[in-house]
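Comments concern the structure below.
Computed from the coordinates by the stated procedures, all read-outs in this text should not be read as laboratory data. Worth saying up front: this structure is predicted, and the values here are computed from it rather than measured. Glycine gets a Cβ as well: all are built from the backbone with ideal geometry, and neighbour counts include every protein chain shown.
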2 protein chains.
Amino acid sequence: MEVENMYITLKTCVNGDPSESNLELTSTRLSLKIEEGSKDMIVKNLYVSIDPYQINRMKKYSSSQGTITFATQLVPREKIDAFGVGRVVVSSNPDFKKDDLVKGVLGWEEYSIVQPGSIISKIATTEFPLSYNLGVLGTSGLTAYSGLYEICKPKKGEKVFVSAASGSVGNLVGQFAKLSGCYVVGCAGSKKKVDMLKDKLGFDDAFNYKEEPDLKSALKRYFPEGIDIYFDNVGAEMLDAAVANMNLLGRVAACGVIAEYTDEGKRAAPNMLDVIYKRITIRGFLTYDHHDKHAGFISSISDHLRQGRIHVLEDISYGLENVPSAFAGLFRGDNIGKKIVKLADPREGIL
Amino acid sequence: MEVENMYITLKTCVNGDPSESNLELTSTRLSLKIEEGSKDMIVKNLYVSIDPYQINRMKKYSSSQGTITFATQLVPREKIDAFGVGRVVVSSNPDFKKDDLVKGVLGWEEYSIVQPGSIISKIATTEFPLSYNLGVLGTSGLTAYSGLYEICKPKKGEKVFVSAASGSVGNLVGQFAKLSGCYVVGCAGSKKKVDMLKDKLGFDDAFNYKEEPDLKSALKRYFPEGIDIYFDNVGAEMLDAAVANMNLLGRVAACGVIAEYTDEGKRAAPNMLDVIYKRITIRGFLTYDHHDKHAGFISSISDHLRQGRIHVLEDISYGLENVPSAFAGLFRGDNIGKKIVKLADPREGIL
């Protein structure tokens with residue numbers, strides 16, 4: 001049997017802010033039969049993840065492109081791999097069978113061919129909405145969890161600052177830090193987001209960075225006793241201001257630098273005298289290195305979810321054709337929480 | 001009994017490069033009698049240490065000044081505490097007696113009054129020249145040792161880059177790293193220094209940074225397989241270039257940023273995309289935090305010295321009046337190895 005497989009492709013490399021026109025919806029015919037001798041499987045994608053890091057793969061050049069699989073440069077006109085949740089349609093892989101629900105590296109497409117050895121796993125429980133497997137119980141959650149607990153090692157009472165705090169990772173970092181007894185302040189780019197951080201997510205305080213002409217003074221105001229931990233999702237001036245306000249033995253988890261993604265010339269330039277004299281650690285990390293914490297993470301976060309201790313923030317668009325606007329929207333600050341595009345209803349009988 | 005105690009004082013705050021005229025030699029009368037009830041002792045200083053970090057104490061403002069004792073702002077006209085080696089002249093401290101040789105926080109002066117609780121200890125052995133207690137067996141040595149082994153954790157075969165490699169700390173970092181089986185390249189500011197690193201200290205390679213218009217390309221040439229460890233003594237563009245050339249899981253020990261000390265506007269601005277995707281750790285440190293490693297350090301380095309596995313580089317001036325030129329000279333690159341000013345001969349019968 002053959003189907004029409006719609007997919008998103010890179011039309012032109014991104015330079016600066018991405019726009020919808022950098023991406024294009026196209027399609028190809030796909031046979032739903034696995035070739036003899038192959039151990040591939042075909043997955044019908046239900047939800048796909050929309051993440052800022054993809055922009056670095058869309059550039060003509062980024063130093064990130066030579067590092068790991070997820071960071072390879074995207075080839076115009078080809079398919080774009082991305083995290084997703086789907087249902088197995090047909091499988092020659094002995095570890096998976098038809099109708100298994102899976103999460104892992106799929107693609108911005110309706111169907112993905114998954115080769116053996118790919119980063120993919122069965123979804124163990126449907127206790128929670130399937131989409132959670134991309135956010136709070138997926139890569140965003142594990143990023144927040146491993147970044148906070150492995151890199152920052154928070155102690156009760158420590159002062160934690162999170163940037164892009166209403167984003168997919170930031171909102172969870174703040175909530176996890178609160179559950180660990182920290183004092184947490186986040187920044188975001190609108191009043192609506194700031195209010196939500198304070199009123200709904202339980203942040204101790206929050207501010208709109210766009211209304212702060214001097215970030216260093218702003219952080220001094222929000223952290224009169226200094227910052228112990230900075231979970232950095234933005235880079236640039238915010239990192240400089242955080243380092244200037246850090247306490248002795250402060251820790252910075254460098255998770256993302258969205259303010260630098262769209263402007264090559266924009267660079268953080270933290271005062272190294274502060275880094276030395278305050279013995280600050282700035283550490284870059286990728287969830288990729290922390291999959292060994294996956295079981296502990298799932299168990300811990302599932303428990304928090306059952307007890308209602310974590311608010312799940314999802315921002316879901318519908319239909320593959322909306323991937324370009326969902327992606328470009330990340331850089332306009334459109335999303336609140338995890339940005340996901342839903343492609344098909346899990347409850348629908350599918351193939 | 002009373003003596004004339006000559007000392008160096010800050011005449012005017014330093015702004016930019018320090019010059020001899022920022023410092024001044026002066027003197028005061030000092031009674032060599034300890035007041036009743038006090039547990040002070042008086043030390044005749046034999047050698048004093050000349051270190052770049054003192055410049056940050058001489059500025060009108062530096063963010064380092066609020067951090068630890070050693071970093072407090074110097075008050076014009078007052079004495080300047082500094083590491084030194086001396087001999088106890090008179091003591092009411094039960095832990096020290098007349099003629100004990102001591103090392104620790106003394107001052108740029110002929111005699112220091114040392115209060116109980118000060119950072120001072122007896123010199124356990126005179127197996128090595130006394131001056132070694134300021135360099136290879138002193139703070140410079142412990143800085144190199146703790147920075148390399150605690151912060152960078154070198155593995156055999158790893159590629160190590162050291163800046164200011166002919167300086168007091170840098171030359172030891174390179175030699176220690178060689179002893180740990182690493183590939184070591186250093187940079188320095190003259191042909192003479194570069195030749196010495198290669199010919200005398202056993203560095204695998206070295207280069208004159210002043211002859212490299214593009215530091216990023218230079219490091220690419222010297223490290224075709226990338227840098228695993230960067231021991232940073234200079235900051236600014238060199239840190240940027242090192243980060244650009246680092247391998248996955250690279251480590252930067254931020255020990256000093258001499259290139260930034262004299263120019264407030266000069267800042268390192270490493271590409272944070274590299275820091276994240278290559279999971280680089282940049283960690284500031286001070287020897288201050290690593291005094292618990294002192295015994296192991298002394299034992300290990302003494303053994304290396306006995307076996308002739310470490311070359312000791314000392315650059316000694318004579319007489320307190322030469323402290324200002326010795327200090328200003330650090331920033332002109334005058335010194336090779338540990339800069340010390342000798343004030344009195346340990347063999348002379350003194351008081």
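Helix A:170-179: angle to the longest alpha-carbon principal axis of chain A, degrees 0 to 90, nearest 10?
Helix A:170-179 sits roughly 60 degrees off the main axis of chain A.
Out of region B:164-227, which trypsin sites (Lys or Arg not before Pro) are coil in DSSP terms and have no more than 14 other C-beta atoms within 10 Å?
Those satisfying the criteria are B:Lys200.
In terms of modelled amide H atoms, which long-range or inter-chain residues lie less than 5 Å from the amide H of A:Leu106?
Under 5 Å from the amide H of A:Leu106 lie the amide H atoms of A:Ala82, A:Phe83, A:Gly84, each far enough along the sequence or on another chain.
State to the nearest 20 debye the size of the charge dipole of chain B about its Cα centre, where the only charges are +1 on K and R beta carbons and -1 on D and E beta carbons.
The dipole magnitude comes to about 700 debye.
Using only Cα atoms, find the angle between the long axis of helix A:294-306 and the longest principal axis of chain A, and express it within 0 to 90 degrees, rounded to the nearest 10.
Once rounded, one gets 80 degrees.
Give the relative contact order (percent, whole number) for chain B; include only Cα pairs under 8 Å separated by 6+ residues.
The value is 18 percent.
Averaged across the residues of A:243-251, what count of C-beta atoms belonging to other chains lies within 10 Å of each residue's C-beta?
Across the residues of A:243-251, the mean count of other-chain Cβ atoms within 10 Å is 1.
Would you work out the charge dipole size for the protein assembly as shown about its Cα centre, treating the Cβ of every Lys and Arg as +1 and the Cβ of every Asp and Glu as -1, and quote it to the nearest 20 debye?
640
If you keep only loop residues by DSSP, which GluC sites (Glu not before Pro) in region A:250-351 have at most 15 other Cβ atoms within 10 Å of their Cβ?
In loop regions of region A:250-351 (DSSP not H, G, I, E or B), the sparsely surrounded GluC sites (Glu not before Pro) are A:Glu264, A:Glu348.
Taking B:Asn208 in one copy and the same position in all the others, each labelled 7 Å out along Cα→Cβ, what are the pairwise distances from the first, in nm, shortest first?
Counterpart label points of B:Asn208 in the remaining copies fall at 5.8 nm.
What average count of beta carbons from other chains do you get within 10 Å of the Cβ of residues in B:258-270? Intermediate values should be presented prior to the final figure.
On the way: counts 0, 1, 3, 2, 0, 0, 2, 0, 2, 8, 7, 7, 6.
The per-residue average across the peptide is 3.
Measuring from a point 7 Å past the Cα of B:Lys33 along Cα-to-C-beta, which residues in region B:312-351 have an amide N at less than 19 Å?
Within reach of a label on B:Lys33: B:351.
Distances from A:Asp289 to the same residue in each other copy, label points 7 Å out along Cα→Cβ, in nm, shortest first?
Label point to label point, same position, other copies: 1.7 nm.
Counting helices only, and only those DSSP H runs with n ≥ 4, report the 222 nm mean residue ellipticity of chain A as the sum of -39,500 (n - 2.57) divided by its residues, in deg cm²/dmol to the nearest 500.
Mean residue ellipticity, 222 nm, calculated: -6000 deg cm²/dmol.
For the pair B:Ser121 and B:Lys191, how long in nm is the line joining their label points, each one 7 Å along Cα→Cβ?
Simple spin-label model gives 4.3 nm for this pair.
Mean separation of Cα pairs under 8 Å and 6+ residues apart, divided by the residue count of region B:139-288: what relative contact order is that in percent?
22
Among A:Phe327, A:Phe70, A:Phe207, which one moves the most in a GNM of chain A with springs linking Cα atoms closer than 10 Å?
A:Phe70
Residues in region B:119-134 near a label at B:Asp95, defined as backbone nitrogen under 16 Å from the 7 Å Cα→Cβ point?
Only B:119-124 fall inside the zone, counting backbone N under 16 Å.
Which lysines have a Cα less than 25 Å from the Cα of B:Lys103, not counting those fewer than 8 places away in the same chain?
B:Lys33, B:Lys39, B:Lys44, B:Lys79, B:Lys122, B:Lys293, B:Lys338, B:Lys339, B:Lys342
Mind ranking B:155-163, B:111-119 by how tightly packed they are, going by the mean number of other C-beta atoms within 10 angstrom, highest first? Before the final figure, lay out each step's value.
Values: B:155-163: 21.1, B:111-119: 17.9.
Highest to lowest by the protection proxy: B:155-163, B:111-119.
Placing +1 at every Lys and Arg Cβ and -1 at every Asp and Glu Cβ, with all other atoms neutral, what dipole size does region A:139-288 have around its Cα centre, in debye to the nearest 20?
For this selection, approximately 360 debye.
Taking each residue in B:62-70, count the Cβ atoms of any other chain within 10 Å of its Cβ, then average. What number comes out?
4
At R0 = 25 Å, how high is the FRET efficiency between A:Ser217 and A:Ser63 if r is their beta carbon distance? Nearest 0.05 is fine.
0.15
Output, in nm with one decimal and in ascending order, the distances from the A:Gly157 label point to the matching label points of the other copies (7 Å from Cα along Cα-to-Cβ).
So the label point of A:Gly157 gives 4.6 nm to the other copies.
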